Amino acid sequence: MTSKRAFITGITGQDGAYLSQLLVEKGYEVHGLLRRSASADVVGTRLKWIGIADRVTLHDGNMMDLGSLIRIIETVEPVEIYNLAAQSFVKSSWQQPYLTGMTTGMGVTNMLEATRIVCPNARFYQASSSEMFGLIQEPIQSETTPFYPRSPYAAAKLYGHWMTVNYRESFGMHASSGILFNHESPLRGIEFVTRKITDGVARIKLGLIKKIALGNLDAKRDWGHARDYVKAMWLMTQQEQAGDYVVATGRTVTVRDFCNLAFAHVGLKAEDHIEIDPRFMRPAEVEVLHGNPAKAQKHLGWAAETSLEKLVSEMVEADLDRLVKHTHL
Ligand code: NDP
Ligand code: GDR
């Protein structure tokens, strides 16, 4: 029996690595999009870390180059497409609004078009975001909560979300949008607050630095583990009908709470090692995100499996290990 083929954009990112691992375990033939980099030595670091670099096939292309996407999809003939590629760092989206719009927004249209042209029956997953709720219109956000984006990133994601809905309604494509709340892991990019904290805690514990400089400690996020969240992506493409789903833990805590947990894990006190630096504040902040995953629980049978406490300890331990062994990510 030939295996099912999946194509993942953003395969070299955090979620791409965990999703590839999940699909390989399920017996899929996994293909991914690789954008050309001058630093070839760092390509695929996450796929190597997770131990599946040699189990996936990478194809040269770019989200902004429709021709490359069409050619790859023609070659791969996937039955499932997971569109994860994006300029995903909210803070950078104010510095690079056009690039963010093109990659995170128009890139979705490129992928939808490539799919419609080459394999309209493939099942399509779009990586939408809780950032679309932005200035929240309801204290707990679900699929019916109105959106209010607060950054160029969130505005681009909202465009991608509605294009996905539109292609589903216009062309009958099996296109689902996962409105995922923040999810983290040892493979999280170092610029995001959770990984910045766990890497900083590990460095302080090992005596390499004394302080971590952070921005808004009062921001609240609903943080889960990426390993759990990629399961929801796969479950969406397995449904008879495509749809939109909020994926969250249902628990929200402050950045300060996250710091306290991470420092406590190594027996230190957060207040002794944190300084506030205005450089890490945002022009417009998303103060609180708190998701209601009831629909995903009911329709997909999905629930977050990893507690925040377990997530934090796994991340701190991974950073300690990397620093002791002088390995990088
Ligand atoms: P990452 O930033 O870790 O990964 C982003 C991926 O997109 C990388 O593989 C990157 O490639 C790729 N990429 C960026 N620009 C291009 C381009 N022009 N052409 C081709 N590939 C490109 O993100 P995550 O894994 O954390 O997130 C996955 C998706 O889910 C993103 O769309 C993100 O916006 C969204 N999301 C994430 C959430 C989270 O909490 N993690 C929550 C909600 C949504 P390279 O390695 O070359 O940089
Ligand atoms: P976010 O993640 O913007 O929610 O987007 P990030 O970790 O960058 O920020 C979370 C909150 O922490 C506050 N904060 C800081 N953030 C960073 N990066 N660095 C700091 O020093 C710092 N200090 C405080 C921020 O102001 C913010 O309130 C992530 C990304 O993965 C998006 O792609 C995804 O769509 C959303 O999560 C859901």
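The values are calculated or read from the model by the stated rules, or taken from the named source; none is laboratory data. The structure presented is a predicted model; accordingly, all values stated were derived computationally and were not measured. As a convention, Cβ positions derive from the backbone with ideal geometry for all residues, glycine included, and neighbour counts pool all protein chains shown. In case anyone asks, the SASA skips ligands and DNA or RNA and just uses the protein heavy atoms, side chains included. Shrake-Rupley method; radii C 1.70, N 1.55, O 1.52, S 1.80 Å.
Please state which one of THR104, THR115 is assigned to a helix (DSSP H, G or I), of a type in the set (Val, Ile, Thr) and closer than 20 Å to HIS31 by Cα. Working first, answer last.
On the way: THR104 fails: closer than 20 Å to HIS31 by Cα.
Selected residue: THR115, the only one of THR104, THR115 that is assigned to a helix (DSSP H, G or I), of a type in the set (Val, Ile, Thr) and closer than 20 Å to HIS31 by Cα.
If you go through segment 278-317 and keep only what is open to solvent by less than 40 Å² (accessible area, probe 1.4 Å) and over 30 Å from PHE147 (Cβ atoms), you end up with SER313, VAL316. Taking first residues from segment 192-219 that are in contact (Cβ under 8 Å) with a residue 12 or more places away in the chain and open to solvent by 20 Å² or more (accessible area, probe 1.4 Å) and partners that are assigned to a helix (DSSP H, G or I) and aromatic (Phe, Trp, Tyr), the Cβ contacts under 8 Å between residues at least 6 apart in sequence or on separate chains come to VAL193/PHE258; ALA213/PHE280; ASN216/PHE280. PHE89 meets each of the listed conditions (1) within 24 Å of HIS174 (Cα to Cα); (2) in contact (Cβ under 8 Å) with a residue 60 or more places away in the chain; (3) of a type in the set (A, V, I, L, M, F, W, C) apart from (1).
On the given criteria, is TRP162 more than 9 Å from ligand 2 (Cβ to nearest atom), more than 18 Å from VAL255 (Cβ to Cβ), under 16 Å from the mean Cα position of the chain (by Cα) and modelled with pLDDT of 95 or more?
No: the conditions fail for TRP162.
Restricted to segment 12-30, and to residues that are away from ligand 2 (no atom under 16 Å from the Cβ) and crowded, with 24+ Cβ neighbours inside 10 Å, which residue is farthest from LEU69 (Cα to Cα)? Reasoning before the result, please.
Narrowing segment 12-30 to residues away from ligand 2 (no atom under 16 Å from the Cβ): 20-30.
Still in the list and also crowded, with 24+ Cβ neighbours inside 10 Å: 20, 23, 30.
Details: SER20: 19, LEU23: 21, VAL30: 16 Å.
Ranking the qualifying residues of segment 12-30, first place goes to LEU23.
One residue stands out in segment 264-277 among those that are of a type outside the set (A, V, I, L, M) and surrounded by 15 or more Cβ atoms within 10 Å (Cβ to Cβ): the one that is farthest from ligand 2 (Cβ to nearest atom), namely HIS265.
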